[in-house]
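Worksheet for the structure shown next.
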Amino acid sequence: MLTVRNLHASVAGREILRGIDLKINAGEVHAIMGPNGSGKSTLAQVIAGRDIYEVTEGEVLLDGKNLLELKPEERACEGVFLAFQYPVEIPGVSNMYFLRSALNSIRKHRGLEEVDAVDFLALVEKKMNLLGMDKTFRDRPVNAGFSGGEKKRNEIFHMLMLEPRLAILDETDSGLDIDAMKVVSDGVNSLRGKDRAVLVVTHYQRLLNYIVPDFVHVQVNGRIVKSGGKELALQLEESGYAQFEEEAMAGAAKGSGR
Amino acid sequence: MAEAVVHSELQWTSPQVLSKRPGSGEPVWLKNLRSEASDCFAEMGFPTRNHEEWKYTSVSPIAQTPFRPAWQQSASRPVQSAELDALKKLSGICLVFVNGQYNEALSSVQGLPAGVRAGSLASLFTTSDEIIAERFAKYADYRQHAFVALNTAQWQDGAYVWLPKGAVVKEPIHLLFISNAGDTPLVAHPRTLILAERESQASIIESYWGAGQGISFSNAVSEIVAGDNAVIDHTKLQLENDRSFHIATLQVYQERSSNFKSCSVTLGGALVRNEAHAVLDAEGAECVLNGLYLGREKQLVDNHTIIDHAQPHCPSRQHYNGILDGQSTGIFNGRIIVRPDAQKTDAIQKNRNLLLSDKAQVDSKPQLEIYANDVRCTHGATVGQIDAEALFYLRSRGISLKDARNMLVYAFAGEILERITSQKIRVLVDRVLHARLDAASRS
Ligand SMILES: Nc1ncnc2c1ncn2[C@@H]1O[C@H](COP(=O)(O)OP(=O)(O)OP(=O)(O)O)[C@@H](O)[C@H]1O
Ligand SMILES: [Mg+2]
């Protein structure tokens, strides 16, 4: 479904992604782990289409379609969804109005009619119940004044409403207590299916007990330095990233010819 | 126009302009007032940019346009439009003025409670009405302010509203001023007087709407007196065409524990200056002045406020948001005066501006003059662009760039609109604003 090939991206003249390769098939769940600043969010944002990152080399394909040529909203219409590490507060725009516009825009792209107001509310209620969200979140402005945990839950709520084919969750677990994490994981798992794929970015193995990945990748300094099965996450929990960081440093030194 | 030869200030005081109807059938005091105000204007002339209060706004386009008095044209062109119908639907009580003249056929006073009086000022003064007459022109200062002087000398008509003690009017009272100019630039000086006696309550809408494509100049003066415990909710809508000039002075005088709240929405006009002055002259008077202004192309929108805290324990709030596109200019000048007696004043002023283009500009200036020591006064002004992160967030969920921008702009406007008490007015302004934003994003 998703193919990332030799992806290089920089921001403000500094290279952050330095040759990422990643292949995710429909039906799979992948996890990316890695130290702070290794470029995990950058990768997620580049896939979603944030234009402050300049892609200098490589490609990103969704079912063979070149994502890099598409606007962020077009990528969303193609089925890409990013749950932000830091969801943005949008005072003055109600959660419902926003979601309905988003849903209708995606439906329009798929040749479907606008969602009926009654059906929409029923859907909202169902998904909110699933996530144990209070009804007041419906009419409150998007993320404005939400706690960290509430914002993360709201991201998953948006995801469930929009039913993306490729969901990228950027540290959706950080700041969640164990109960909230279970709820969020249930939400993500409910979306799993043979036509969909999930990419989770996390620092903690804990989440992966609930959203069990098919593959785990270690990203260090803008590259994926190791890939493995779910046991790799357990191993990282034990040993940390030091070993990978040293190898990456050595590799970088060699690469730059020093 | 054949006679458009000399565009000097002279035309504004020339006998030709003054010698028409003012005077005819009017009481002597009013004639005298006109002539005194006319002298004041002749002495002051139009303000120039050397004048501190007019530093950012040049009125020379007004001084140089060969306007004709609008009343000379009033009967000529019929007005009809969906927008006008929507405006008229705001309330069953609607006094309509076309080119500065009361239009009885378009007006209605359905729902006006017995005892409350509202109508044409000009016709009021042909009868003798002391309650109202003795307070006319006592608040807006024609000796200090050139445009107030011009209005006081030359006004043709306008509205009066008198709310007796304890009167409560449920329906909004809508004063609708229509400018309808064709090829000839027209000037009108609408004049309004609203007297709310103690414990009365009403909401007033003053709207200025342009029917024709031509150039008009509305030089409006509105005086509002809120008696003890009176509650007045005021909305001003400026919807004239983008070639028009609009200078308006709202002068509010507040008595004990009165509550005055105003929201001014400016959407049209080549040059618009809204002055809102409130004098809080007794304890416990509360004043809220909110405003929303949109500028596009080369529009200039200038909001000047003065809240004069003369007595203790008066709270005041001001919140103005500006949205400026194209090469437009927004000006906000908010003056808060706290007189020596006005202890425990609690005044907050906020002005936020959103620039949608790099050629748009804003001058925002708070002026606090505080002569008392136990007061709380805060002010804040910001100028910013659309938040790129918010824009990306919306787009990443499938919303188009155009819709995402409009959503954010609209949300910014919403900070002010949500403060409009009347749901009907809010809906109307919402609609006009949406139409305006849609038009802007299509071009
Ligand atoms: N907009 C930006 N401007 C400048 N530098 C940036 C920007 N975005 C990211 N960076 C830098 O790029 C590097 C990678 O950041 P990124 O957020 O992708 O890391 P991360 O792996 O997600 O880290 P974390 O685990 O802390 O979330 C960091 O050094 C960061 O400072
Ligand atoms: Mg990150």
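A few remarks follow.
- Residues located in the range A:51-63, provided they are over 18 Å from the mean Cα position of the chain (by Cα) and within 12 Å of ligand 1 (Cβ to nearest atom): A:Glu54
- Filtered residue count, the range A:59-104, keeping only those that are buried (at least 19 other Cβ atoms within 10 Å of the Cβ), out of contact with any Leu (no Cβ under 8 Å at 6 or more places or on another chain) and more than 10 Å from chain B (Cβ to nearest Cβ): 1
- For the range A:151-170, the criterion of being out of contact with any strand residue (DSSP E or B) (no Cβ under 9 Å at 6 or more places or on another chain), under 19 Å from A:Tyr86 (Cβ atoms), away from ligand 2 (no atom under 16 Å from the Cβ) and open to solvent by 20 Å² or more (accessible area, probe 1.4 Å) is met by at least one residue.
- Residue within the range A:18-31 that is near ligand 1 (Cβ under 8 Å from one of its atoms) and over 15 Å from A:Thr202 (Cβ atoms) present: no
- Answer from A:Val201, A:Val216 - the residue that is more than 16 Å from ligand 2 (Cβ to nearest atom) and in contact (Cβ under 8 Å) with a residue 24 or more places away in the chain: A:Val216
- Looking only at the range A:11-50, and only at residues there that are away from ligand 2 (no atom under 14 Å from the Cβ), in a loop (DSSP other than H, G, I, E, B) and exposed (fewer than 14 other Cβ atoms within 10 Å of the Cβ), the one that is farthest from the chain's Cα centre (by Cα): A:Gly13
- Inclusion of B:Tyr393 among residues that are out of contact with any helix residue (DSSP H, G or I) (no Cβ under 6 Å at 6 or more places or on another chain), among the aromatic types (Phe, Trp, Tyr) and within 14 Å of chain A (Cβ to nearest Cβ) is warranted.
- Scanning the range A:109-150 for residues that are touching a residue at least 12 places away in the same chain (Cβ under 8 Å) and within 14 Å of another protein chain (Cβ to nearest Cβ) turns up A:His109, A:Arg110, A:Val115, A:Asp139, A:Arg140, A:Pro141, A:Val142, A:Asn143, A:Ala144, A:Phe146.
- Residues located in the range B:401-423, provided they are at pLDDT below 90 and within 19 Å of the chain's Cα centre (by Cα): B:Thr421, B:Ser422
- One residue stands out in the range A:186-208 among those that are closer than 18 Å to A:Phe157 by Cα and part of a helix (DSSP H, G or I): the one that is nearest to ligand 1 (Cβ to nearest atom), namely A:Leu207.
- Among the residues of the range B:320-356, those that are touching a helix residue (DSSP H, G or I) at 6+ places or on another chain (Cβ under 8 Å) and either surrounded by fewer than 19 Cβ atoms within 10 Å (Cβ to Cβ) or among the hydrophobic types (A, V, I, L, M, F, W, C) (or both) comprise B:Ile323, B:Leu354, B:Leu356.
- Pick from the range B:67-88, criterion more than 19 Å from B:Pro190 (Cα to Cα) and either hydrophobic (A, V, I, L, M, F, W, C) or at pLDDT 90 or above (or both), ranking: least open to solvent (accessible area, probe 1.4 Å): B:Ala86
- Subset of the range B:403-434 [open to solvent by 50 Å² or more (accessible area, probe 1.4 Å) and either of a type in the set (Ser, Thr, Tyr) or within 10 Å of chain A (Cβ to nearest Cβ) (or both)]: B:Asp403, B:Glu418, B:Thr421
- Meets criteria (in contact (Cβ under 8 Å) with a residue 12 or more places away in the chain, of a type outside the set (Asp, Glu) and buried (at least 17 other Cβ atoms within 10 Å of the Cβ)) for A:Thr56: no
- Counted residues, the range A:209-247 - those being within 16 Å of ligand 1 (Cβ to nearest atom) and modelled with pLDDT of 90 or more: 11
The values are calculated or read from the model by the stated rules, or taken from the named source; none is laboratory data. None of these values were measured; they are calculated from a predicted model. Cβ atoms come from the backbone with ideal geometry, glycine included; neighbour counts cover every protein chain shown. All accessible areas refer to the heavy atoms of the entire protein, side chains included, with ligands and DNA or RNA removed. Shrake-Rupley method; radii C 1.70, N 1.55, O 1.52, S 1.80 Å.
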